[in-house]
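Read through the structure below, which is laid out as structure tokens, and then see the notes.
The values are calculated or read from the model by the stated rules, or taken from the named source; none is laboratory data. Everything numeric in this text was worked out from a predicted model, so none of it was measured. Positions of Cβ are backbone-derived with ideal geometry, glycine not excepted, and every protein chain shown enters the neighbour counts. The area values use the complete protein model at the heavy-atom level, side chains included, leaving out ligands, DNA and RNA. Shrake-Rupley method; radii C 1.70, N 1.55, O 1.52, S 1.80 Å.
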Amino acid sequence: MTVWRAAAFVACLGSVWPAGAQTLPSEPIALAGGRVTIGGDVSATYGSPDPGYFDYTDYSHSALRLLRIDVSAALNAGEHVTLLGEVRTENLGKFRPYAAYVRIRPWTKRNIDVNVGRVPPTFGAFARRTYANDNPLIGYPLAYQYLTTLRPDAVPGDAAELLQKRGTGWLVRYRYGNPALDGGVPLVSAFRWDTGVQVHAGTEAVRATAAVTAGTVANPLFRDDNSGRQIAARLELRPVAGLIVGGSGARGPFVGETAARGAVGDGHDREFTQTAWGGDVEYSRGYYLLRYEGIVSDWRMPIVRPPELTLPLRAVSTSVEGRYKILPGLYAAARVDHLAFSHITGTDAQGTLPWDAPVTRIEIGGGISVQRNLVLKLSVQRNTRNGGRLEPRETLGAAQLLFWF
Amino acid sequence: MLVLLSVSFVFAPQALTQAPPRHGIGAIRGRVELRRVATAAERRPGVAELGSPRGRDLPDLRRSVVYLESAPRGAFEPNEGGRAVMDQRNETFAPHVLAISIGTTVDFPNSDMFYHNVFSLSKTQRFDLGRYAAGHSRSVRFDRPGIVRVFCEIHSHMNAFILVFSHPFFALTDAEGRYRIENVPAGTYNVVAWNEGTWSDPKSVGVTGGGIAEQDFSLR
């Protein structure tokens, strides 16, 4: 079935591409006189086995063993309205909607846009450039990919239970809420977009965005699972060419209604929030590109019984990334990432520990352009986890071939 | 493969002999009719952008290049190094097509308030000028004949062509498609028209001393 689906996708591309073209498309496909544009990103990644689950994006997908196909489209329905959408499949599974929103520009001469639907992430810098073409390496920054042990649909009864799960975020289960095993959430999800209303305005030097959405940055949703909304905002300054300084904040109820009710009864789900703050800087010049991003995320979870959780449960991520072009079509890149967690006190035997196991990742690699839109990337990453029951250290290699149009 | 062969044939200096020049020089002029004008590359859908993209200029894709497929002996004296400019303005390379002789240095100024990054992975000439801001310019000297496709790494819809010739017998058409190749030594030549990666069949044109040969082209 999946083979047929892939064949249909390729046939679909072929049917809209000019008959005379003998090569794969290198530019977006334009239809209806340019009113409809269709772009695509395909990346095939194969890497070392990852028994420590450092690179898993959910229970069944590793970022290092992934075939991802994105097809995005924009329909310009006049000077005020554009419809945008994107579907994605991973490992030739079902195509799922990743983005689907309408962009309204009320005044054509003013840079103010209103996005309604499943909208791009307001928070942070990396979440809007998760495409392989925008990522100089193969792995993702930990804040956007690494699965912590927190779940929105299931909560621990006490600090001891949470400490017991340290380092098992790829598959975790708790006493209250959904009893099934499932993956935890990253600080900020790079793999789903939230649903709501977003307003963006700006000039070349200053840009501001605010949004009200159903989920939180860690758990974007299509349908809300509790009685509150997330409010997120981002301010971006571009004082000189090549320098981007951004700051973001977001706050919204994190724990689903069912899990909150199971833990502490009705009417409390709005109290169990995720609050995130982020700062990012990008500077590029000549052949260099440097990026820094720091994120602090606080979760307020239900307190059911002793030993009590010390709230908020805080996670702090730091990521520094650099890219240097060595020759035309050849670059080298590196990223250093660290995830730290606040301390909580469990049983006497457990003592006081970070509520999840701290993780460090160093990734180095590079890419070579076979042609402008066909790039081969290679990378090696060293992961270290301080605690938990799984592999504490792993060195993983991966290769990725990416194609975009 | 066919395309590659025709490119190398057209521009390779080895193909320089055809008809020995007779006394006197003339010119070739005519018009290139485009049956189908190519459309400018669209922006990628930009689903992850928070706001609408800024406005941009559209490149003029009607300009064609007409050139002698082969040239008389002695037409390949080294160029002393002319200069040409390909500007980056409103997210467009201007002009969209440059036709130059080998030895020419092309300046790529950035006239936008944001970064561009000009590069080419063409076999004729690979280069990457890196990112530079408004008011700055970087240059490339082209020393090999062929076609160079130029792109911006940051704005994927920006592209341009530079056609590098090993002889001086070429001309860019004007807005109406007219061209004129001057100072052609008397003789018979194969003349070719090019537009956006499409070539005409070579046309045999006889040039007499002091005369003007007429040759029109039609490109589909």
When you look at A:Glu236, is it within 19 Å of A:Tyr144 (Cα to Cα), surrounded by fewer than 22 Cβ atoms within 10 Å (Cβ to Cβ) and within 14 Å of chain B (Cβ to nearest Cβ), yes or no? no
Consider A:Arg192 carefully, then state whether it is within 12 Å of A:Phe123 (Cβ to Cβ), within 20 Å of the chain's Cα centre (by Cα) and charged (D, E, K, R). no
Residue within region A:357-376 that is closer than 30 Å to A:Gly262 by Cβ and part of a strand (DSSP E or B) present: yes
How about region B:31-49: which of its residues are open to solvent by less than 40 Å² (accessible area, probe 1.4 Å) and either within 8 Å of chain A (Cβ to nearest Cβ) or assigned to a loop (DSSP other than H, G, I, E, B) (or both)? B:Ala38, B:Ala40, B:Ala41, B:Pro45, B:Gly46, B:Val47, B:Ala48
Looking for whichever is surrounded by fewer than 19 Cβ atoms within 10 Å (Cβ to Cβ) and either within 21 Å of the chain's Cα centre (by Cα) or hydrophobic (A, V, I, L, M, F, W, C) (or both) here; the options are A:Leu137, A:Leu171, A:Leu147. Which one fits? A:Leu171
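Okay, residues lined up against (1) in a strand (DSSP E or B); (2) without any contact (Cβ under 8 Å) to a residue 60 or more places away in the chain; (3) not acidic (Asp, Glu):
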residue: A:Ala201; (1), (2), (3): yes, no, yes
residue: A:Asn226; (1), (2), (3): no, yes, yes
residue: A:Gly247; (1), (2), (3): yes, yes, yes
residue: A:Thr258; (1), (2), (3): no, no, yes
residue: A:Asp266; (1), (2), (3): no, yes, no
residue: A:Gly279; (1), (2), (3): yes, yes, yes
Please determine, by comparing only the residues of region A:74-96 that are within 20 Å of the chain's Cα centre (by Cα) and facing chain B (nearest Cβ under 9 Å), which one is surrounded by the fewest Cβ atoms within 10 Å (Cβ to Cβ). A:Gly85
Taking A:Gly247, is it more than 14 Å from chain B (Cβ to nearest Cβ), within 22 Å of A:Thr318 (Cβ to Cβ) and surrounded by fewer than 19 Cβ atoms within 10 Å (Cβ to Cβ)? yes
Can you list residue pairs whose Cβ atoms sit under 9 Å apart, with the first residue in region A:97-113 being more than 10 Å from chain B (Cβ to nearest Cβ) and under 13 Å from B:Ala48 (Cα atoms) and the second being at pLDDT 95 or above and assigned to a strand (DSSP E or B)? Count only pairs 6 or more apart in sequence or on different chains. A:Val102/A:Val81; A:Val102/A:Thr82; A:Val102/A:Leu83; A:Val102/A:Leu84; A:Val102/A:Val114; A:Val102/A:Asn115; A:Val102/A:Val116; A:Val102/A:Gly117
Candidates B:Asp107, B:Asp57 - the one that is of a type in the set (D, E, K, R), away from every other protein chain (no Cβ under 14 Å) and either touching an Asp or Glu at 6+ places or on another chain (Cβ under 7 Å) or closer than 30 Å to A:Arg207 by Cα (or both): B:Asp57
Residues satisfying the stated conditions in region A:351-373, i.e. within 14 Å of another protein chain (Cβ to nearest Cβ) and either of a type in the set (Gly, Ala, Ser) or without any contact (Cβ under 8 Å) to a residue 60 or more places away in the chain (or both): A:Gly367, A:Ile368, A:Ser369, A:Val370
For region B:115-144, how many residues meet the condition of being outside any strand (DSSP E or B) and free of Cβ contacts under 8 Å to residues at least 40 places away in the same chain? 8
Given the structure, is B:Ala71 open to solvent by less than 10 Å² (accessible area, probe 1.4 Å), in the same structural domain as B:Val192 (by TED's automatic domain parsing), at pLDDT 95 or above and under 18 Å from B:Ala171 (Cα atoms)? no
Could you check how many residues of region A:377-405 are part of a strand (DSSP E or B) and not polar (S, T, N, Q)? 15
Pick out the one residue from B:Val106, B:Val85, B:Val97, B:Val66 that is over 30 Å from A:Leu235 (Cβ atoms), under 17 Å from the mean Cα position of the chain (by Cα) and without any contact (Cβ under 8 Å) to a residue 40 or more places away in the chain. B:Val85
Would region A:294-308 turn up any residue that is within 14 Å of chain B (Cβ to nearest Cβ), surrounded by 17 or more Cβ atoms within 10 Å (Cβ to Cβ) and touching a strand residue (DSSP E or B) at 6+ places or on another chain (Cβ under 6 Å)? no
